[in-house]
Every structure is written in C-alpha cells, then in structure tokens.
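The values are calculated or read from the model by the stated rules, or taken from the named source; none is laboratory data. Quick caveat: nothing in here was measured; it's all calculated off a predicted structure. When we count neighbours, we look across all protein chains shown, and the Cβ atoms used for this are built from the backbone with ideal geometry, even at glycine.
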Amino acid sequence: MGIVSTFRKSLARSALGAVSGLLAGYTALAVAELAASLIRPQAGPVTVVGGAAIDRTPAAVKDFAIRTFGENDKVVLQLGILAVLGLLGVILGIVSLRYRRAGAAGVLIFGVIGAAAALSRPDTQGVADALPSVAGALAGAAVLYLLAGKLNSGSSPAGAEADGSGWSRRGFLTAASVTAVAATGAGALGRALIGKSGQGATASRAAITLPAPASAAPALPAGAQLKVEGISAFTTPNKDFYRVDTALVVPKVDADTWRLRIRGKGVTRPRTYTFQELLNRPLIERDITLTCVSNEVGGPYIGHARWLGVRLDDLLKECGVKAPSQGGKADQLVARSVDGMTLGSPVEDVMDGRDAILAVGMNGEPLPFDHGFPVRMLVPGLYGYVSACKWIQEIELTTFDSYDPYWVKRKWARKAPIKTQARIDTPKPFGRPTGELVTVAGVAWAQHRGIDRVEVRVDDGPWQTADLAPQANKDTWRQWSFPWKPTPGGHNLTVRATDGTGQVQTEERTRTIPDGASGWHSVFVTT
Ligand SMILES: Nc1nc2c(c(=O)[nH]1)N[C@H]1C(S)=C(S)[C@@H](COP(=O)(O)O)O[C@H]1N2
Ligand SMILES: [Mo]
C-alpha cells in the first residue's frame with residue numbers, strides 16, 4: 001500500500017472521527033434540551049453557560065456587544081457557544097479514535113461545566129437544574145464511545161473493508177444515522193415541550209382585560225408628533241420598543257400564579273399581592289419615556305409608551321414604608337425579577353410623588369413577554385437599570401450601604417438619573433438632503449425635568465433655536481425641528497437641549513459607563 005493511500009485513509013478516518021464528535025455534541029444538546037423541557041427551559045446548558053458568560057462579561061465588553069450586535073447580541077453569544085462546542089466536538093472525536101475513553105471523558109467534563117453553570121445561576125431551582133447538562137453529557141459520551149468503537153472494530157465480517165483497514169463502514173454509518181435521527185427526535189420533542197411550557201402564561205395573558213384607569217393620561221397635545229419624514233414615532237409601537245436585558249430565555253410567567261412580595265427594612269406590614277389584587281386597585285395611566293444607560297449619544301435605546309399600572313408609593317405606604325426624608329430606615333428599593341435580576345432605586349425618588357408605577361399595561365395591551373409580563377416597575381427620570389425591573393416578583397427595602405444590585409456589582413453607578421440628551425433623527429448621518437429648505441428634526445429628553453429648549457448649530461456657526469413640539473409631560477421626550485437653508489457642500493449639524501431646570505446639556509463626551517453617555521449629537525451631511 002502506497003504512502004498516499006495510507007495518508008488518505010487516515011484522513012478519511014479522522015474526518016469520521018470528527019463527525020462522531022459533532023454527533024456526540026449534537027446528541028448531548030438534544031438530550032439536554034429534552035431534559036430541560038421536562039425540568040425548566042432556563043436550565044438548558046447553552047442558556048446557563050450563556051447566562052454565566054453574560055454575568056461575567058466585563059461591562060465594557062457587554063456595552064460593546066450591545067453596541068455592535070444590538071438586540072441580536074444574545075443570538076451572537078449563543079451561536080458563539082455552539083461554534084466553540086462544535087470545534088471541541090471535532091477535537092474530541094479525533095482524540096477518541098486513539099483514546100476512546102479519553103474522548104468520552106472529555107464530553108463528560110462539559111457536563112460538569114454545564115452543571116456548575118446551572119447551579120451558579122441566580123434563579124437556580126437547585127440540583128434539578130444540573131440534570132439537563134448531566135443527562136446530555138452522559139448521552140454524548142455514550143455516543144462518542146460507541147461510534148469510536150465502530151471506527152476501530154474490524155471484526156464485523158459483513159461490513160469490514162475488503163482491504164482489511166480494520167473498521168466497519170456499514171456498522172459506523174448505521175450507528176451514526178440512528179444517532180442522528182434519535183437525537184433530532186429528542187431535540188424536536190424538547191422544543192415542542194418547551195413551546196408548551198409557556199402556554200399557561202400565554203393563556204393567562206390572553207385572558208386579561210385591562211380595567212379602565214381611575215386616572216387616565218391626558219390626550220397627547222396636538223402636534224406632539226411632528227409631521228416630518230424620518231422623525232421617530234412619538235409613541236413607540238410595542239413591537240418596535242427597544243429591548244435590553246440579560247435573559248437568554250424570555251421568562252413566561254403565568255399571571256394567575258404570579259405573586260409580588262414586599263419586605264425588608266422598615267416594612268412594618270410585609271405583604272404579598274396577586275395580579276388580580278393589583279388590577280382591583282385604582283390604576284393610573286401615564287406617558288413615560290424609558291431610556292437605557294447603554295444608549296450612546298444619538299443611540300436607539302430609548303422608547304416611549306403609555307403605561308397602565310398601580311402607584312408604587314401607595315403600595316409601599318400600605319406596607320408601612322416611609323421615605324428616608326420622613327424618617328424611613330431604608331434608602332434603597334431593590335426589585336428582584338423571576339430570573340434573579342436585581343435593580344436598585346432610591347426610595348426617596350420612588351416616594352417623592354412622581355409617577356413611579358408597577359405597570360401591567362403598555363400602549364393599551366397587557367405587557368408583552370419581552371417587556372416584563374405580567375408586571376414591571378418604572379420610575380420616571382431614572383435609567384432602566386436602576387428602576388425598570390421586568391418580570392418583577394419581589395421588592396426588598398434595604399440600604400445602599402448594605403446591598404449592591406446586579407449592575408452595581410459590575411461597576412455601574414448606584415444612582416443614575418437620566419442625562420439630558422438630544423438626537424437628530426433626520427437627516428441621517430452622511431445623508432444627502434436636497435431642496436432649498438431642509439428640515440432638521442429629532443427628539444430631546446430629560447425625563448422628570450422636561451425639555452425647555454433645543455438649539456441647532458451648523459458647522460461652527462451660532463446656536464439657533466429650534467421649534468419645539470408641545471411637551472406631553474416632563475417625563476416624556478419632546479420633538480423638535482429646525483428649518484435649514486443649506487449652502488452647497490458638506491456640513492456638520494449639531495444639537496443640544498436645555499432641560500426644565502434651565503441646565504444646558506453638557507458638551508463633555510463621556511462613555512456610557514458608569515452612569516450614562518453625555519455630549520452633543522452631530523451628523524455630517526452633504527447638500
Ligand atoms: N428582569 C430584568 N429587568 C430589566 C433588565 C434585565 O436585564 N432583567 N434590564 C433593565 C434595563 S438595563 C433596561 S434599559 C430596561 C429595558 O426595558 P425594555 O427591554 O422593556 O425596553 O429594563 C430593565 N429591566
Ligand atoms: Mo439599560
């Protein structure tokens with residue numbers, strides 16, 4: 001036998017080893033998916049490892065991911081995990097050709113990593129969460145061991161290669177096909193069951209009829225929405241509302257079994273509320289604009305909605321809570337979600353009379369699952385990460401000294417009022433607007449202080465006052481426009497706002513970390 005032919009045979013065998021490794025990984029994930037569907041969708045290995053990765057990602061990298069991949073950041077992360085698993089599967093498959101036990105043992109190590117990640121999740125339900133990873137790894141290891149055996153055995157007379165290279169092609173192909181089919185079946189069954197597991201929650205949402213508010217939001221003032229091509233919608237449709245959270249699997253909470261607990265320092269009457277109990281209270285409807293601290297100057301992570309909910313200060317008073325200025329012992333309110341996220345807000349802000357709410361409705365419908373169904377918190381004027389807990393299940397009164405919530409542990413500021421910002425929506429960066437008159441327009445926001453003035457500057461020219469649309473209320477953004485007669489050529493358009501306290505938006509550029517980006521938004525256009 002020639003050297004070339006020997007080389008080819010060993011290459012072919014390595015390729016089959018790689019296929020075995022990939023099949024082992026595929027089986028492991030499929031079996032884990034099936035096990036997770038029986039235990040908890042959130043306990044699947046890719047989800048727990050992804051969640052652990054998110055929690056350990058430095059703030060700067062996370063910010064980069066949000067910036068670069070936007071709301072696809074989670075898909076990118078999961079594809080990354082699958083790519084790494086695939087590569088390691090290939091390596092283990094090739095290793096198993098020589099060291100059959102070592103290959104299988106390698107797969108088991110992944111089970112241990114998955115199990116450890118599952119148990120370290122803040123929302124872990126205990127050892128059961130480790131089972132999907134363990135079951136998947138056992139199945140994967142068994143598959144690799146079996147297939148490696150087929151690639152090494154030459155004893156089967158029917159399938160052995162005539163040249164006596166020592167393995168059974170037919171035996172391998174049969175085992176590999178059966179494995180692929182079985183794993184695909186297990187995975188599909190798991191998916192189907194996971195789909196079903198959210199059905200109770202979906203049905204509970206469909207059954208909700210939101211009551212009319214006791215205090216309705218005033219109609220938006222005529223003209224709050226400017227009729228300018230390319231400007232943001234004043235009210236962001238739910239499907240377009242930005243989404244920022246750490247949840248790889250969106251929690252599907254059944255409103256009928258949902259409970260909210262209020263407890264902690266200075267809570268003289270701890271209480272648990274059901275969803276129906278919240279709906280039975282007088283509801284308020286409010287226009288509130290929500291912004292993410294990760295929003296860059298000119299960025300998209302801001303949205304406006306008309307929310308329906310109960311006043312949070314009423315609930316807190318019912319439980320005996322007092323604001324610090326009234327002698328209350330707790331200065332931090334920590335909201336905890338069903339997925340273990342924690343967000344801390346100043347008790348003083350929540351109880352100072354502003355419209356801090358536990359929202360049940362968003363733009364006329366129950367909260368979408370992505371936005372926190374059945375109940376989320378909102379505090380006008382504060383960035384989302386210190387106020388807007390989605391899928392909330394507990395409110396704990398504590399102090400800033402004694403407890404750091406999730407993002408604060410990751411170097412974000414303890415307190416984060418929203419910074420004054422203005423954004424040019426139109427013309428777009430590097431746009432080529434035509435016509436003698438170009439309408440420059442956009443939005444400006446300084447929630448809970450309101451917007452008093454917006455100015456536009458062309459190149460290094462003087463600041464010129466823009467036309468303001470009416471302000472809906474000081475917790476919302478405000479639209480503005482500026483009629484511009486351009487001269488031919490390239491121009492830099494810059495905008496800045498002045499808030500309701502008379503403070504002009506700072507020019508100083510800061511990063512989003514630790515308490516939100518500042519600086520003026522500019523776009524370059526050619527006319
Ligand atoms: N449970 C939970 N709530 C959360 C978050 C999260 O990761 N988990 N992210 C917060 C952040 S950073 C923001 S900006 C808002 C975003 O709300 P949205 O996705 O409805 O726009 O939700 C907040 N509430
Ligand atoms: Mo955020």
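Consider only pairs whose beta carbons are under 8 Å apart and that are at least six residues apart or on different chains; among these, list those whose first residue lies in the stretch 407-435 and is of a type in the set (Gly, Ala, Ser) and whose second residue is crowded, with 22+ Cβ neighbours inside 10 Å and part of a loop (DSSP other than H, G, I, E, B).
The qualifying pairs are 416/293; 416/383; 416/516; 422/505.
Answer yes if at least one residue in the stretch 321-339 is at pLDDT below 95 and more than 22 Å from residue 514 (Cβ to Cβ), and no otherwise. First the steps, then the outcome.
At the first step, the residues of the stretch 321-339 found to be at pLDDT below 95 are 339.
Still in the running and more than 22 Å from residue 514 (Cβ to Cβ): 339.
Scanning the stretch 321-339 turns up at least one residue that is at pLDDT below 95 and more than 22 Å from residue 514 (Cβ to Cβ).
Can you work out which of the residues in the stretch 398-417 that are of a type in the set (Val, Ile, Thr) and over 21 Å from residue 246 (Cα atoms) is nearest to ligand 1 (Cβ to nearest atom)?
Restricting to residues being of a type in the set (Val, Ile, Thr) and over 21 Å from residue 246 (Cα atoms), the top hit is 398.
Looking only at strands (runs of 3 or more DSSP E) that lie completely in the stretch 346-438, which have at least 2 residues being within 16 Å of ligand 2 (Cβ to nearest atom)?
Filter on the stretch 346-438 gives 376-378.
Residue by residue through the stretch 382-397, note down the ones that are farther than 22 Å from residue 514 by Cα and within 12 Å of ligand 1 (Cβ to nearest atom).
391, 392, 393, 394
Yes/no matrix, rows are residues, columns are (1) among the β-branched types (Val, Ile, Thr); (2) more than 29 Å from the chain's Cα centre (by Cα); (3) under 12 Å from residue 527 (Cβ atoms); (4) at pLDDT 95 or above:
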{"residue": "427", "(1), (2), (3), (4)": "no, yes, yes, yes"}
{"residue": "433", "(1), (2), (3), (4)": "no, yes, yes, yes"}
{"residue": "444", "(1), (2), (3), (4)": "no, no, no, yes"}
{"residue": "461", "(1), (2), (3), (4)": "no, yes, no, yes"}
{"residue": "471", "(1), (2), (3), (4)": "no, yes, no, yes"}
{"residue": "476", "(1), (2), (3), (4)": "yes, no, no, yes"}
{"residue": "489", "(1), (2), (3), (4)": "no, yes, yes, yes"}
{"residue": "496", "(1), (2), (3), (4)": "no, yes, no, yes"}
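Only strands (runs of 3 or more DSSP E) wholly contained in the stretch 217-312 count here; list those with 3 or more residues that are within 16 Å of ligand 2 (Cβ to nearest atom) and either buried (at least 20 other Cβ atoms within 10 Å of the Cβ) or among the polar types (S, T, N, Q) (or both).
284-291, 302-311
Restricting attention to the stretch 267-294, which residues are at pLDDT 95 or above and within 16 Å of ligand 1 (Cβ to nearest atom)? Break it down stepwise before answering.
Initially, the stretch 267-294 is screened for residues at pLDDT 95 or above, giving 267-293.
Hits for the stretch 267-294 are 286, 287, 288, 289, 290, 291, 292, 293.
In the stretch 120-137, what residues are in a helix (DSSP H, G or I) and closer than 17 Å to residue 38 by Cα? Talk me through it step by step, then tell me what you get.
At the first step, the residues of the stretch 120-137 found to be in a helix (DSSP H, G or I) are 120, 127-137.
The answer is 127, 128, 129, 130, 131, 132, 133, 134, 135, 136, 137.
Determine which member of the set 298, 340 is within 14 Å of ligand 1 (Cβ to nearest atom), touching a residue at least 24 places away in the same chain (Cβ under 8 Å) and in contact with a Pro (Cβ under 9 Å, 6 or more places away or on another chain).
Only one candidate passes the filter, namely 340.
Taking the conditions exactly as written (within 12 Å of ligand 1 (Cβ to nearest atom) and more than 17 Å from the chain's Cα centre (by Cα)), does residue 379 satisfy them or not?
Yes, satisfied.
Looking only at the stretch 4-27, which residues are crowded, with 22+ Cβ neighbours inside 10 Å and polar (S, T, N, Q)?
Within the stretch 4-27, 20, 27 qualify.
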